[in-house]
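Chemist: Quick one: the structure is below, questions incoming.
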Amino acid sequence: MCPLHRAQLNFWGNRTKSCLCLILLFAVLLGFYSNVFSLIPRRQTEKSQSSPEAHHVQGRRESLTLSEGDGHLDSCRIPEVPRLLYPKAQLLKPLRVDVLVMTPWFAPVVWDGTFDSALLDVQFRNTTIGLTVFAIKKYVVFLRLFLETAEKYFMVGHKVIYYVFTDRPADVPQIALQDGRQVVVLHVGNYRRWQDISMHRMEMISNFSRRRFLREVDYLVCLYVDMKFSDHVGVEILAPLFGTLHPGFYAADRQSFTYERRPLSRAYIPRDEGDFYYAGGFFGGSVPEVYRLTTACHQAMTADQAQGIEAVWHDESHLNRYLLSHKPSKVLSPEYLWDEQMLQRPPLLRKLRYVAVPMNHTEIRSR
């Protein structure tokens, strides 16, 4: 081979190798950048390619995902408070020194003098409150006084839906309501024993929370019907989860509480455990939290029934078991549940806000 021909081959060989190296380098760089760009959200591309209908469906799906778990999202936000004139809190001058005002888990205990109603009303101004009450069999006779006193004292100035569970819809009285308030009658069956009515209350609140309360209200307040309001009961009670101190045990030690003490029951609480004894006639919270509470209590009662056991105080026993494991974020003092016929009013109770109505329990429960 002549030197010239050999030089030409070397030239083209070296050039080919250089081209191949460049091609390989380009391919490597292309692969690297394609991986990098694949990590960057293609929101603009997707936006340009998707239709308005697709955006509408996606928006609804995102909204449902958020609302199903958290109920009304607005109730979880810290509200903006407009300019108000109110007394300044004095750190060195507590409003109450005669009672416990904070639990060990930093939940406030609500007593008269520990809150400012005007300030709280502004914070909860866009809130809708649901009130559940059961008027089964002869208990329907308590409805008129219950609703009339509620209109006078309960959540005055706020939107309220009274959910009346009853087997006698025709006997629900018609009363004058404030603007933004309504009575919704929910027709349910009755049971032979009053204990069964009491225990199925949890099941019904759970079912209706899932079916409609989540869409209609921000908070639920669950009360007994054989009571009347006698003083202000407002948004100071509202919290993700709240319970009320039982008037018969607010000053007792835990060994005296009438918890369910049989280990076989799902409501069992040992004698060395317990914070307070909560009343079954006044509890509540945000709709998702009330749904969790009532569902858990219903499931526990169903499990007990399968074992042939019934908790000593029925749904109240299971409520206390749940609130021991799921600490309430607010505790209401006995001002919010009292029986003047059975208990002498102590000086520490400045107000009685929700009190029992005198009745013959045996006669009412047997009909």
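Chemist: Taking a ≥ b ≥ c as the square roots of the Cα gyration tensor eigenvalues, with a/c under 1.5 meaning rounded and otherwise prolate when a/b beats b/c, else oblate, which class fits segment 73-138?
Modeler: Oblate, since a/c reaches 1.5 and b/c is not below a/b.
Chemist: Sticking with this structure for a sec: Using modelled backbone amide H atoms (1.01 Å from N, in-plane), which distant-in-sequence or interchain residues come within less than 5 Å of E260's amide H?
Modeler: Long-range HN contacts for E260: I269.
Chemist: Using modelled backbone amide H atoms (1.01 Å from N, in-plane), which distant-in-sequence or interchain residues come within less than 5 Å of G130's amide H?
Modeler: I161, D218, Y219, L220, V221
Chemist: Quick check on segment 99-208: take the gyration tensor over C-alpha atoms, sort the square-rooted eigenvalues as a ≥ b ≥ c, and tell me if it's rounded (a/c under 1.5), prolate or oblate. Don't jump to the answer; show the numbers that get you there.
Modeler: On the way: a/c = 2.32, a/b = 1.47, b/c = 1.58.
Since a/c reaches 1.5 but b/c is at least a/b, the shape of segment 99-208 is classed as oblate.
Chemist: What is the distance, in nm, between label points placed 7 Å from the Cα along the Cα-to-Cβ direction at Q341 and at R83?
Modeler: Taking the two extended label points, one gets 5.3 nm.
Chemist: Let me ask something else. Would you kindly derive the ³J(HN,Hα) couplings of segment 105-117 from the backbone phi angles with the Karplus curve 6.51 cos²θ - 1.76 cosθ + 1.60 (θ = phi - 60°), listing them in order in whole Hz, with x for Gly and Pro?
Modeler: Using θ = phi - 60°, the values come out as 9, 6, 9, x, 9, 8, 10, 4, x, 9, 8, 10, 4 Hz.
Chemist: May I pose another question? Please give me, ordered by residue number, the trypsin sites (Lys or Arg not before Pro) of segment 127-224 that lie in loop per DSSP and have at most 13 other Cβ atoms within 10 Å. All intermediate terms of the calculation are to be shown ahead of the outcome.
Modeler: Details: sites: K137, K138, R144, K152, K159, R181, R192, R193, R201, R210, R211, R212, R215; in loops: R192, R193.
Those that pass, being in a loop and sparsely packed, are R192, R193.
Chemist: Also: Give the long-range amide H neighbours of L332: residues separated by 5 or more places, or on another chain, with amide H under 5 Å away, using H modelled in the peptide plane at 1.01 Å from N.
Modeler: Answer set, sorted by chain and number: V110, G243, T244, L245.
Chemist: Next question, about the same structure. Tally up the carbon and sulfur contribution to the accessible surface of segment 111-210 as a whole percent, 1.4 Å probe, everything protein left in place. Mind showing how you got there, number by number?
Modeler: Numbers: 2130 of 4380 Å².
Of the solvent-accessible surface of segment 111-210, carbon and sulfur hold 48 percent.
Chemist: With θ taken as phi - 60° and the coefficients 6.51, -1.76 and 1.60, list the Karplus ³J(HN,Hα) couplings across segment 226-241 in order, rounded to whole Hz; mark glycine and proline as x.
Modeler: The phi angles translate into 7, 9, 9, 7, 10, 6, 3, 10, x, 5, 4, 7, 6, 6, x, 8 Hz.
Chemist: Tell me which chymotrypsin sites (Phe, Trp or Tyr not before Pro) from segment 102-200 have a DSSP coil assignment and no more than 10 other beta carbons within 10 Å of their own.
Modeler: Details: sites: W105, F106, W111, F115, F124, F134, Y139, F142, F146, Y153, F154, Y162, Y163, F165, Y191, W194; in loops: W105, F106, W111, F115, F124, Y191.
Here the sparse-neighbourhood loop sites are W105, F106.
Chemist: Follow-up. So what J values fall out for segment 328-335 if you push phi through Karplus, 6.51 cos²θ - 1.76 cosθ + 1.60 with θ = phi - 60°, rounded to Hz, Gly and Pro as x?
Modeler: Karplus values, whole Hz, x for Gly and Pro: x, 7, 7, 10, 8, 6, x, 4.
Chemist: I've got another one for you. With the calculation restricted to Cα positions, what are the radius of gyration and Dmax of segment 120-271 in angstrom?
Modeler: 16.9, 50
Chemist: Let me ask something else. With the Cα gyration tensor of segment 216-367 giving a ≥ b ≥ c as the square roots of its eigenvalues, does the rule (a/c under 1.5 for rounded; else a/b larger than b/c for prolate; else oblate) give rounded, prolate or oblate? Numbers along the way, then the final one.
Modeler: Details: a/c = 1.43, a/b = 1.27, b/c = 1.13.
It comes out rounded by the Cα gyration axes.
The values are calculated or read from the model by the stated rules, or taken from the named source; none is laboratory data. Just so you know, these numbers come straight off a predicted model, no measurement behind them. Ideal geometry is used to build each Cβ from the backbone, glycine not excepted, and the neighbour counts take in all protein chains shown. For accessibility, only protein heavy atoms count, side chains too; no ligands or nucleic acids. Shrake-Rupley method; radii C 1.70, N 1.55, O 1.52, S 1.80 Å.
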